[in-house]
Amino acid sequence: MNQLSPSFSLTFRLQIHNKPGMLGKITSAIGELKGDIGAIDLVSAHPGHLIRDITVNVQNSEHGDQIIAQLKTIEGVTVLNVSDQTFLLHLGGKIEVVCKSPLKTRDDLSRAYWKCRTGSRQYRTAGRPPRHGREGNAI
């Protein structure tokens, strides 16, 4: 059996009839399938129903599919959306490269990048002049 992990974390957005015992039925169904509930958030409350986000660590995508299928069988529960939290983290990238010094003009850019004798561009570290080898090329 695979380990439960936040790297396989799903958030289920559920519409739930607003009556006592419904949240217990949902959490019991998830627990019976060995899902690990990490968070339960109330998104909105209405007279007849609640919208809740329930985040669950699962073993893999098949395990998540089993939990979805089980939730769909509970009377008074509608699965509105399922989000893969790891996938959402990766949308748009997760690492950003930021300049330490602002580059506002063409001159700023020329100071940050310099052309060595071979014509290739290399980043010049601020505060450190380039070192030169035997033929004058930067090392």
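Between ASN81 and ILE51, what is the label-to-label distance in nm when each label sits 7 Å out along the Cα-to-Cβ direction? A separation of 0.8 nm, rounded to one decimal place.
In this simple spin-label approximation, VAL98 and ILE68 carry label points 7 Å from Cα along the Cα→Cβ vector, and these lie 3.6 nm apart.
Considering the stretch 1-65, its Cα convex hull presents a mean projected area of 4.3 nm². Ordered by 1.4 Å accessible area with all protein chains kept, LEU109, LEU10, LEU71 run largest first as LEU109, LEU10, LEU71. For VAL82, the solvent-accessible surface with a 1.4 Å probe is about 50 Å², rounded to the nearest 10.
The values are calculated or read from the model by the stated rules, or taken from the named source; none is laboratory data. Here the structure is a predicted model, which means the values were calculated and not measured. Cβ coordinates were reconstructed from backbone atoms using ideal geometry, including for glycine residues, and neighbour counts include every protein chain displayed. These area figures cover heavy atoms from the full protein model, side chains too; ligands, DNA and RNA do not enter into them. Shrake-Rupley method; radii C 1.70, N 1.55, O 1.52, S 1.80 Å.
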